[in-house]
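Asker: Pasting in a structure now, in structure tokens, and then I'll have a few things to ask.
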Amino acid sequence: MIISFSLVLLLGIVLVVMIRGGSMKWGPAIIAILFGFSLASTGAADPIRDFLESVSNSIGSFDNSINSGGR
């Protein structure tokens, strides 16, 4: 749950920076947000969530192996 909230927060910050920087306008940003909400209610939401969790777990295990000196 914490990872999904962090990911949503990160993507939200990126979206705001892109809008303020002029690389994305409000129209496409709203479409992207609506697409995300629509995608979350489809059958594709579970595989996407599983993929993101596996990537997160891989990064966590990689970080743990670095901190433990490869042991």
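Asker: If I fit a long axis through the Cα atoms of helix 26-40 and take the longest principal axis of the Cα atoms of the chain, what angle between them do I get, 0 to 90°, rounded to 10?
Answerer: Value to nearest ten degrees: 50.
Asker: In addition: How much accessible area per residue does the chain have, in Å², with a 1.4 Å probe?
Answerer: Computed with neighbouring chains in place, this is 83 Å² per residue.
Asker: Quick one: angle between helix 45-67 and the longest Cα principal axis of the chain, in degrees between 0 and 90, rounded to 10, please.
Answerer: Helix 45-67 sits at roughly 40 degrees to that axis.
Asker: Given a 1.4 Å probe and every protein chain left where it sits, what share in percent of the accessible area of the chain is carbon and sulfur?
Answerer: 73 percent
Asker: For helix 2-21, what angle does its Cα long axis make with the longest principal axis of the chain, in degrees from 0 to 90 and rounded to 10?
Answerer: 40 degrees
Asker: Using helices alone, I'd like the mean residue ellipticity at 222 nm for the chain: each DSSP H run of four-plus residues gives -39500 (n - 2.57), total over residue count, nearest 500.
Answerer: Result for the chain, helices only: -28000 deg cm²/dmol.
The values are calculated or read from the model by the stated rules, or taken from the named source; none is laboratory data. All of these numbers come straight from a predicted model, not from anything done at the bench. Areas reflect the complete protein model, heavy atoms only, side chains present, ligands, DNA and RNA absent. Shrake-Rupley method; radii C 1.70, N 1.55, O 1.52, S 1.80 Å.
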